[in-house]
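Have a look at the structure below, then the notes.
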Amino acid sequence: MRTRYFSILLLLCLSTGLFAQSAYQPTEANLKAREEFRDNKFGIFLHWGLYAMLATGEWTMTNNNLNYKEYAKLAGGFYPSKFDADKWVAQIKASGAKYICFTSRHHEGFSMWDTKFSDFNVVKDTPFARDIVGELAAACARQGIKLHLYYSHADWSREDYPRGRTGRGTGRPNPKGDWASYYRFMNNQLTELLTNYGPIGAIWFDGVWDQDQNPGFDWQLPEQYALIHRLQPSCLVGNNHHHAPNPGEDIQIFERDLPGENKAGYSGQEVSQLPLETCETMNGMWGYKITDQNYKSTKTLIHYLVRAAGKNANLLMNIGPQPDGNLPETAVRRMKEMGEWMAVYGETIYGTRGGLVAPHDWGVTTRKGDKLYVHILNLEDRSLFLPLTQKVKRASLFKDKSPVKMTKTKTGLLLDFPEVPKEIDYVVELTLE
Ligand code: FHN
């Protein structure tokens with residue numbers, strides 16, 4: 001009798017996903033995908049939706065209290081005549097990025113693929129009537145780059161989404177919403193995305209923070225994560241909830257800050273052992289903003305990437321595509337220049353892990369096999385002391401392999417350079433014993 005009772009309880013727990021939470025064991029395929037993810041180091045984030053047409057960023061709907069029924073009419077004018085997924089992918093690949101993360105549905109609630117579960121989508125509701133996720137997935141597959149999908153938990157348009165702390169002025173009735181209906185909707189959409197578009201490298205969730213002020217709100221994440229892993233075991237689950245990772249998540253996400261730093265205010269959380277990724281904007285906004293021409297310089301972007309690698313993290317660099325379907329010209333130029341740098345220095349970034357010396361203002365180290373790469377980004381002296389206890393066989397300049405003078409001391413290694421390093425990244429290659 002007791003055994004039967006226990007079996008029933010076990011079955012119940014499994015079916016509700018209760019156990020999925022604490023007992024999540026990533027599959028071999030998932031663990032392999034995590035390592036590949038770490039090796040890839042660099043991705044491009046794309047925030048694209050109806051908001052691009054208003055050219056004031058992806059939060060315009062809630063920032064301007066736009067009524068959801070009026071906002072929905074934007075769809076009738078969505079016709080990005082220049083959109084060419086192959087062109088995007090080629091431009092992105094030129095940067096050296098190894099994956100693309102695309103907003104399949106942002107907080108505005110508009111789906112960028114042909115979903116059966118909402119008519120508010122790019123195929124059914126716009127004159128463009130093309131499946132953007134589908135075209136992007138096909139172009140990624142053709143050109144050999146991974147596709148990750150951003151998926152918003154928060155929704156400012158659906159009447160069944162329980163009202164959170166944002167999107168309160170969009171006119172949706174019924175603040176309580178209908179959680180069961182909304183949860184079913186999300187899982188149906190995720191099932192579609194993970195069934196119809198080939199291998200998806202990651203699902204990148206965002207918006208859980210919207211219910212932070214509703215104590216006890218249960219997002220039922222374990223069951224949702226289990227669904228994803230069941231459909232595609234190697235698909236990585238990441239959630240930009242701004243907290244330490246929950247069971248079932250495969251990567252840890254940071255926003256606008258390197259792990260362990262918190263300048264932007266989203267990243268006070270512990271740094272976990274999971275693969276790490278930090279996202280940042282190339283100008284100031286995620287979605288297209290016509291007045292924002294404040295693009296970071298190529299040097300700054302390369303420094304972000306290198307500093308992220310030194311902290312054992314990937315960089316996901318964002319671009320907001322234009323309403324006509326083109327990527328902004330400046331962004332394309334920046335990507336090309338980053339790619340030119342990566343063509344020379346990629347070996348010191350791809351496949352590396354955070355180095356043996358802690359990151360400093362002068363720069364960081366990355367490590368691969370018996371090589372330790374010292375990335376000098378900001379040094380005013382002709383010498384640099386590294387508190388490194390490992391024995392070093394050889395020190396040379398990465399770019400031409402010319403020897404670099406090194407002096408071993410009791411507490412580390414002193415490097416001397418012919419002049420003060422002036423390059424974007426002066427990379428010294430140390431060969432460890
Ligand atoms: O609200 C979003 C925002 O629009 C953007 O998508 C960023 C990307 O990390 N995440 C949210 C804010 O945390």
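Can you go through K410, K391 and tell me which one is of a type outside the set (G, A, S), open to solvent by 60 Å² or more (accessible area, probe 1.4 Å) and within 20 Å of R367 (Cβ to Cβ)?
After applying the criteria, what remains is K391.
Scan R105, R168, R158, R142 and give me the residue that is within 16 Å of the ligand (Cβ to nearest atom) and surrounded by fewer than 21 Cβ atoms within 10 Å (Cβ to Cβ).
After applying the criteria, what remains is R168.
Looking at (1) under 26 Å from N40 (Cα atoms); (2) under 19 Å from the mean Cα position of the chain (by Cα); (3) surrounded by 18 or more Cβ atoms within 10 Å (Cβ to Cβ), which one does N246 not meet, given that it meets all the others?
(3)
From the residues in the stretch 241-257 that are touching a helix residue (DSSP H, G or I) at 6+ places or on another chain (Cβ under 8 Å) and within 11 Å of the ligand (Cβ to nearest atom), which one is farthest from A226 (Cα to Cα)?
Step by step, filter the stretch 241-257, then rank; the result is H242.
Looking at this structure, is A309 in contact with a Lys or Arg (Cβ under 8 Å, 6 or more places away or on another chain), under 24 Å from C279 (Cα atoms) and part of a helix (DSSP H, G or I)?
Criteria met by A309.
Is it true that E340 is more than 16 Å from the ligand (Cβ to nearest atom) and without any contact (Cβ under 8 Å) to a residue 24 or more places away in the chain?
When the stated conditions are applied, E340 passes them.
Check off (1) out of contact with any Gly (no Cβ under 9 Å at 6 or more places or on another chain); (2) assigned to a helix (DSSP H, G or I); (3) surrounded by 21 or more Cβ atoms within 10 Å (Cβ to Cβ) for R230 and give me the number that stays unchecked.
It is condition (3) that R230 fails.
Inside the stretch 40-61, can you point out the residues that are within 11 Å of the ligand (Cβ to nearest atom), part of a helix (DSSP H, G or I) and more than 15 Å from R105 (Cβ to Cβ)?
Within the stretch 40-61, T60 is the sole residue that qualifies.
Could you run through the stretch 357-384 and say how many residues are loosely packed, with under 15 Cβ neighbours inside 10 Å and either over 34 Å from the mean Cα position of the chain (by Cα) or of a type in the set (K, R) (or both)?
3
Every residue in the stretch 329-339 that is surrounded by fewer than 20 Cβ atoms within 10 Å (Cβ to Cβ) and in contact with a Gly (Cβ under 9 Å, 6 or more places away or on another chain), please.
Within the stretch 329-339, G339 is the sole residue that qualifies.
I'd like the residue in the stretch 133-170 that is assigned to a helix (DSSP H, G or I) and of a type in the set (D, E, K, R) and, out of all such residues, is nearest to F45 (Cα to Cα).
E135
Results for (1) over 18 Å from A97 (Cα atoms); (2) in contact with a helix residue (DSSP H, G or I) (Cβ under 7 Å, 6 or more places away or on another chain); (3) free of Cβ contacts under 8 Å to residues at least 12 places away in the same chain, shown as yes or no for each residue.
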{"position": "T300", "(1), (2), (3)": "no, no, yes"}
{"position": "H303", "(1), (2), (3)": "no, no, no"}
{"position": "L315", "(1), (2), (3)": "no, yes, no"}
{"position": "P321", "(1), (2), (3)": "no, yes, no"}
{"position": "P328", "(1), (2), (3)": "no, no, no"}
{"position": "A331", "(1), (2), (3)": "no, no, no"}
{"position": "M335", "(1), (2), (3)": "no, yes, no"}
{"position": "Y345", "(1), (2), (3)": "no, no, no"}
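Tally the residues that are free of Cβ contacts under 8 Å to residues at least 40 places away in the same chain and over 25 Å from the mean Cα position of the chain (by Cα), restricting the search to the stretch 87-135.
4
If I filter the stretch 188-204 for residues that are open to solvent by less than 10 Å² (accessible area, probe 1.4 Å), closer than 22 Å to A331 by Cβ, among the β-branched types (V, I, T) and not in a strand (DSSP E or B), do I get at least one hit?
Looking through the stretch 188-204, none of the residues is open to solvent by less than 10 Å² (accessible area, probe 1.4 Å), closer than 22 Å to A331 by Cβ, among the β-branched types (V, I, T) and not in a strand (DSSP E or B).
Hey, T348 hits all of (1) of a type in the set (S, T, N, Q); (2) over 30 Å from V89 (Cβ atoms); (3) surrounded by 15 or more Cβ atoms within 10 Å (Cβ to Cβ) but one; which does it fall short on?
Condition not satisfied by T348: (2).
Please work out which residue is least open to solvent (accessible area, probe 1.4 Å), limiting yourself to the stretch 269-289 and to residues that are over 25 Å from T352 (Cα atoms) and either away from the ligand (no atom under 14 Å from the Cβ) or in a loop (DSSP other than H, G, I, E, B) (or both).
Here the answer is G287.
Could you tell me which numbered condition G49 fails, if it satisfies all but one of (1) within 24 Å of W219 (Cβ to Cβ); (2) loosely packed, with under 13 Cβ neighbours inside 10 Å?
Every listed condition holds for G49 apart from (2).
I'd like to check something: does the stretch 260-268 contain any residue that is closer than 30 Å to V332 by Cβ, more than 12 Å from the ligand (Cβ to nearest atom) and surrounded by fewer than 22 Cβ atoms within 10 Å (Cβ to Cβ)?
Looking through the stretch 260-268, at least one residue is closer than 30 Å to V332 by Cβ, more than 12 Å from the ligand (Cβ to nearest atom) and surrounded by fewer than 22 Cβ atoms within 10 Å (Cβ to Cβ).
Scan (1) closer than 27 Å to I100 by Cα; (2) hydrophobic (A, V, I, L, M, F, W, C); (3) away from the ligand (no atom under 16 Å from the Cβ) for the single condition V208 breaks and write down its number.
Unmet condition: (3).
The values are calculated or read from the model by the stated rules, or taken from the named source; none is laboratory data. As the structure is a computational prediction, the values presented were derived from the model and not from experiment. Virtual Cβ from ideal backbone geometry, glycine too; neighbours counted across all protein chains shown. What goes into the accessible areas is simple: the full protein's heavy atoms, side chains included, and nothing from ligands, DNA or RNA. Shrake-Rupley method; radii C 1.70, N 1.55, O 1.52, S 1.80 Å.
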